[in-house]
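Here is the structure we will look at, set down as structure tokens.
The values are calculated or read from the model by the stated rules, or taken from the named source; none is laboratory data. Computed from a predicted structure; not experimentally measured. Cβ atoms come from the backbone with ideal geometry, glycine included; neighbour counts cover every protein chain shown. Just so you know, the surface numbers come from the protein's heavy atoms only, side chains and all, with ligands and any DNA or RNA stripped out. Shrake-Rupley method; radii C 1.70, N 1.55, O 1.52, S 1.80 Å.
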Amino acid sequence: MEAIVRVASAADAAEIAALVNRPYRPAPELGGWTHESGLVSGARTSEAMVRSLFGPDSDVLVLCRGAEIVACVHVQGGESAAYIGMLATEPAAQAAGLGKRMLACAEQHAVAHHGATAFRMSVLSARTELLAFYERRGYERTGVREAFPLAAGAGQPCVAGLELDILIKTPGV
């Protein structure tokens, strides 16, 4: 079955939240390479948090196989760079290139719909394999680190001093 990418709607919020939580915060015995269960506990997102992402300068893209959403990514327009986040792939479909495809779609969408000339994201500093994934796709660490956003409702750190690395990609530079 062919997979298609589309812009999600608020009606997809519950399915997107469930998808995001499966690879990011699974039970330890179910963790794939993208999980952060040992670093952060609790849900990565909620239906209400996903619903809040739908706005005039903010989109969630989903990759669907039939009616099932198997991957997603959030794109937020910005003055200096579009923010790309919440990239998630169904754990059973990982290592099939869907994450790379969704990241490329997010970048294309940011340029076409938000006039982006650069892309920005934040990644847990302790996730070296994930940082390497983004660096292989042209993202660079800016040297800027931020504290884990406790107030965002994205879980509770299990380790002291958890930080986010800010990455940026400027195509063609």
Based on what the data block shows, is LEU98 touching a Ser or Thr at 6+ places or on another chain (Cβ under 8 Å), more than 21 Å from VAL7 (Cα to Cα) and surrounded by 16 or more Cβ atoms within 10 Å (Cβ to Cβ)?
no
Going through the stretch 101-120 one residue at a time, which ones are touching a strand residue (DSSP E or B) at 6+ places or on another chain (Cβ under 8 Å), within 19 Å of ILE4 (Cα to Cα) and open to solvent by 40 Å² or more (accessible area, probe 1.4 Å)?
ARG101, HIS113
It is to be established whether one or more residues within the stretch 78-88 are under 21 Å from ARG44 (Cβ atoms), of a type in the set (Val, Ile, Thr), buried (at least 19 other Cβ atoms within 10 Å of the Cβ) and in contact (Cβ under 8 Å) with a residue 60 or more places away in the chain.
no
Scanning the stretch 67-76 for residues that are open to solvent by 10 Å² or more (accessible area, probe 1.4 Å) and farther than 19 Å from GLN94 by Cβ gives ALA67, GLN76
May I ask you to list the residues in the stretch 143-158 that are modelled with pLDDT under 85 and open to solvent by less than 70 Å² (accessible area, probe 1.4 Å)?
ALA152, GLY153, ALA154, GLY155, PRO157
Taking first residues from the stretch 112-138 that are in contact (Cβ under 8 Å) with a residue 40 or more places away in the chain and more than 13 Å from ILE168 (Cβ to Cβ) and second residues anywhere that are among the acidic types (Asp, Glu) and open to solvent by 60 Å² or more (accessible area, probe 1.4 Å), the pairs with Cβ under 7 Å that are 6 or more apart or on different chains are HIS114/ASP57; SER125/GLU163
Name the pairs whose Cβ atoms lie under 7 Å apart, with the first residue in the stretch 18-41 and closer than 19 Å to SER125 by Cβ and open to solvent by 40 Å² or more (accessible area, probe 1.4 Å), the second among the polar types (S, T, N, Q) and at pLDDT 60 or above, and 6 or more positions between them or separate chains?
TRP33/GLN94; SER41/GLN156
On the given criteria, is SER52 surrounded by fewer than 19 Cβ atoms within 10 Å (Cβ to Cβ) and farther than 14 Å from ASP12 by Cβ?
no
Any chance the stretch 121-137 includes a residue that's in contact with an Asp or Glu (Cβ under 8 Å, 6 or more places away or on another chain), surrounded by 15 or more Cβ atoms within 10 Å (Cβ to Cβ) and of a type in the set (D, E, K, R)?
yes
